[in-house]
């Protein structure tokens, strides 16, 4: 797909971007190249390609899921300005 200078100007207007008139043709060429790449990539057959979580096949190091703090809910609720049915009451900000 080839973008024209008018297309780039319309996109810039919609995105509220200020583009120097000298750079419009360069942007049109670069954006057209990106769109062409996306078109070629969408034409590839990926039926037998397994999805990856990471391109390097690495596993994420996670810490053990253990409780490290005690439950202070009752203590915090006791000092809250307004509480009802176990919930903090806050002023209404949206009408």
Open item on the list: Between [x] 20.6; [y] 13.5; [z] 15.9, which entry matches Kirkwood radius over Cα pairs in Å as derived from the coordinates of this structure?
Closed with: [x]
Open item on the list: Rounding to the nearest 10 and keeping the result within 0 to 90°, find how far the Cα-based axis of helix 5-14 lies from the longest principal axis of the chain.
Closed with: 20 degrees
- [ ] State the extension gain, in nm to one decimal, for the chain segment bounded by residue 52 and residue 12, taking 0.36 nm per residue of separation less the distance between their alpha-carbons.
- [x] 11.0 nm
- [ ] Could I have the simple spin-label model distance between residue 26 and residue 66, label points 7 Å from Cα toward Cβ, reported in nm to one decimal?
- [x] 5.7 nm
TODO: Kindly express, to the nearest 10 degrees and within the range 0 to 90, the angle between helix 24-42's C-alpha long axis and the longest C-alpha principal axis of the chain.
DONE: 70 degrees
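Throughout, read-outs are computed from the coordinates displayed, never taken from laboratory work. Please read all numbers here as calculations on a predicted model, not as lab measurements. Reconstructed Cβ throughout: ideal geometry from the backbone, glycine too, with neighbour counts over all protein chains shown.
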